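Notes follow the structure.
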Amino acid sequence: MLNGKIIAVVLPAYNAEKTLEATVRELPDIVDLRILVDDFSSDRTVSLARDLGVSTHVHTENYGYGRNQMTCYREALAAGADVVIMLHPDYQYTPKLIPAMVSMIANGLHPCVLGSRILGGYALKGGMPLWRYVSNRFLTLFSNIFTGAKLSEFHTGYRAFSREILQRLPLEVNSDDFIFDNQMLAQIVFFGYRMGEVSCPTRYFPGASSISFARSVKYGFGVLATSIQFRLQKWGLANFRIFSAEGHKLLPDYYVMVKE
């Protein structure tokens, strides 16, 4: 705990057997709740997570990365978390930054904090492929221009949120796919929440997960569409569900899961 706040780390997992233990072992003592949601992996992710003492929830089919996050946040809120850190279990991001990220939220500085691979020049140093770096920079610039944000990176998988944000954003209307990440940050900006960033070392290695080039292209077009939708809604020229204050918040489970 910090400042009386219950701290949860959520791990959206899919075939993370090779890197899960290293990620979990590095979680700091400040973490009260360790929650993993498995999106129907075909490896030993689930049994390994349970052996490591992680609260484990299993989708009965592969719903997608976005839906996985929704389950993560539901379970964290249900467990009473006040601050929730979303960390990929692929060991690309160091869990050692969790205390810094949590303190910014627990002390009321920001309701959302991102671990940026771009600040400090860590992306290329950590092995990010050049094509991925270039696309990251272009898409971040595009998103900043259209949303008015000033982030160094819109595409990190290392994020911390206050309970308030997770309860108030219309997350249920977001995509079940990877574009969920970008939609969520666009919603945070749209509804007037501020975000902080910390410089985050990163690791790229053969055992780490990575989406394919084709899915990266699909994600890129989704980022462009989300940014344009944001601007059209701000101008009053359109009405999109993801930017509606009346949009569905996190609801009770609408699929069957097997719990530990």
Sequence-separation-based contact order of the range 11-103, relative, with Cα cut under 8 Å and 6+ spacing, percent
40 percent
Contour excess over end-to-end distance, with Cα ends at T60 and K96 and 0.36 nm allotted per residue
9.8 nm
Phi angles of the range 45-50, converted by Karplus (6.51 cos²θ - 1.76 cosθ + 1.60, θ = phi - 60°) into ³J(HN,Hα) in whole Hz with x for Gly and Pro, give 4, 5, 5, 5, 4, 5
The percentage of the accessible area of the range 1-76 (probe 1.4 Å, all protein chains present) made up of carbon and sulfur atoms, to the nearest whole number, is 45 percent
Which of S103, Y122, F146, positive extreme of dipole for the chain (C-beta unit charges)
F146
Over the range 111-256, give the accessible area per residue in Å² for a 1.4 Å probe, as an integer.
47 Å²
Could you point to the residue in I85, L27, I242 farthest towards the positive end of the chain's charge dipole, with +1 and -1 charges on the Cβ of Lys/Arg and Asp/Glu respectively?
I242
Between L130 and Q167, what length in nm is gained on full extension when 0.36 nm per residue of separation is reduced by their alpha carbon distance?
9.6 nm
How high is the relative contact order of the range 95-167, in percent, with contacts defined as C-alpha pairs under 8 Å that are six or more residues apart?
42 percent
Under a Cβ-only charge scheme (Lys and Arg +1, Asp and Glu -1), can you give me the dipole magnitude of the chain about the Cα centre, in debye to the nearest 20?
840 debye
How much of the DSSP bridge set in the chain is antiparallel, in percent, rounded to the nearest 5?
40 percent
Scoring the chain by relative contact order with C-alpha pairs under 8 Å, at least six apart, yields a percentage of 24 percent
Need one word for the range 1-131: rounded, prolate or oblate. Basis is the Cα gyration tensor (sqrt eigenvalues a ≥ b ≥ c); a/c below 1.5 gives rounded, then a/b vs b/c decides.
oblate
Starting at the first residue of the range 27-41, write each ³J(HN,Hα) from the Karplus equation 6.51 cos²θ - 1.76 cosθ + 1.60 with θ = phi - 60°, in whole Hz, x for Gly and Pro.
5, x, 5, 5, 6, 8, 10, 10, 10, 10, 10, 9, 9, 6, 5
Checked the range 48-190 against the a/c 1.5 cut and the a/b vs b/c comparison, axes a ≥ b ≥ c from its Cα gyration tensor; verdict rounded
The chain, helix-only ellipticity at 222 nm - DSSP H runs n ≥ 4, -39,500 (n - 2.57), divided by all residues, nearest 500
-11500 deg cm²/dmol
Amide H contacts of M86 (H built 1.01 Å from N, under 5 Å, at least 5 apart or other chain):
V10, R159, A160, F161
Net charge, I30 excluded, C-beta distance under 12 Å - Lys, Arg +1, Asp, Glu -1
+1
Across K96/K234; K5/K218; K18/K96, pairs whose alpha-carbon gap is larger than 31 Å:
K96/K234; K5/K218
Rounded to a whole number, what % of the accessible area of the range 90-249 do carbon and sulfur atoms account for, probe 1.4 Å?
60 percent
How big is the chain on each of its three principal axes, counting only the C-alpha atoms and giving the largest first in Å?
52, 40, 38
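The values are calculated or read from the model by the stated rules, or taken from the named source; none is laboratory data. These numbers were taken from a predicted model, which means no experiment stands behind them. Reconstructed Cβ throughout: ideal geometry from the backbone, glycine too, with neighbour counts over all protein chains shown. Just so you know, the surface numbers come from the protein's heavy atoms only, side chains and all, with ligands and any DNA or RNA stripped out. Shrake-Rupley method; radii C 1.70, N 1.55, O 1.52, S 1.80 Å.
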